[in-house]
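Take a look at the structure set out below.
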Amino acid sequence: MEEQKKELSALEILRAVAEEFNDVTPQKVEVFIGLVKPLISERRFGSNYQTALAYLAAHKMKMAGLGDNTTGKIDDMMRVASYTEGEVSVSYAVAQNVNATKDAEYALTSYGLQFLTLRRLCIIPILSSGERR
């Protein structure tokens, strides 16, 4: 008889891919998972739904300053790209392919970028070239 595979929960996936949040209580993690549920379509993500919840919750947790070795700053993906000493000027390197779009916030953490990658795999945008067949 075939054994059914148990689907991992968003909490289990988050614990596996984002070990920096291991000290955050399961109750608090579940709050963040609950906060992102309305933002993700279970029908559209299908078997990747729990993974999408985990990545987006981890992104929101990172943005909230949770996790080990955080200073309360968004330091995951924002690396110094250039600096000027006179009159102090600092600029940060952020993934430019999403920087000017509505998804710019997701580029600030590796978890957000993973969510975007998963979303691109699961949701195909409608494209129209204006041509008739």
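The set of residues from segment 56-71 being open to solvent by 40 Å² or more (accessible area, probe 1.4 Å) and in a helix (DSSP H, G or I) comprises Lys60, Met63. Is at least one residue of segment 81-93 at pLDDT 60 or above and at positive phi? Yes, the conditions are met somewhere in segment 81-93.
In segment 43-54, the residues that are open to solvent by 40 Å² or more (accessible area, probe 1.4 Å) form Cβ pairs under 8 Å with partners that are acidic (Asp, Glu), at six or more places apart or across chains, as follows: Ser47/Glu7; Gln50/Glu7. Of all residues in segment 17-40, exactly one satisfies the criterion of being without any contact (Cβ under 8 Å) to a residue 24 or more places away in the chain and of a type in the set (Gly, Ala, Ser), namely Gly34. Scan segment 1-28 for residues that are open to solvent by less than 60 Å² (accessible area, probe 1.4 Å) and farther than 25 Å from Leu121 by Cα and jot them down. Once the filter is applied, which keeps residues that are open to solvent by less than 60 Å² (accessible area, probe 1.4 Å) and farther than 25 Å from Leu121 by Cα, segment 1-28 yields Glu20, Phe21, Val24.
Here is the figure for segment 96-133: residues that are at pLDDT below 90 and closer than 14 Å to Arg44 by Cβ total 4. Look at segment 107-133: where a residue is β-branched (Val, Ile, Thr) and a partner is modelled with pLDDT under 75 and assigned to a loop (DSSP other than H, G, I, E, B), sitting 6+ places away or on another chain with Cβ atoms under 9 Å, you get Thr109/Ile74; Thr109/Asp76; Thr109/Met77.
The values are calculated or read from the model by the stated rules, or taken from the named source; none is laboratory data. This is a predicted model, so every value here is computed, not measured. Glycine also receives a Cβ, built like all others from the backbone with ideal geometry; neighbour counts cover every protein chain displayed. Just so you know, the surface numbers come from the protein's heavy atoms only, side chains and all, with ligands and any DNA or RNA stripped out. Shrake-Rupley method; radii C 1.70, N 1.55, O 1.52, S 1.80 Å.
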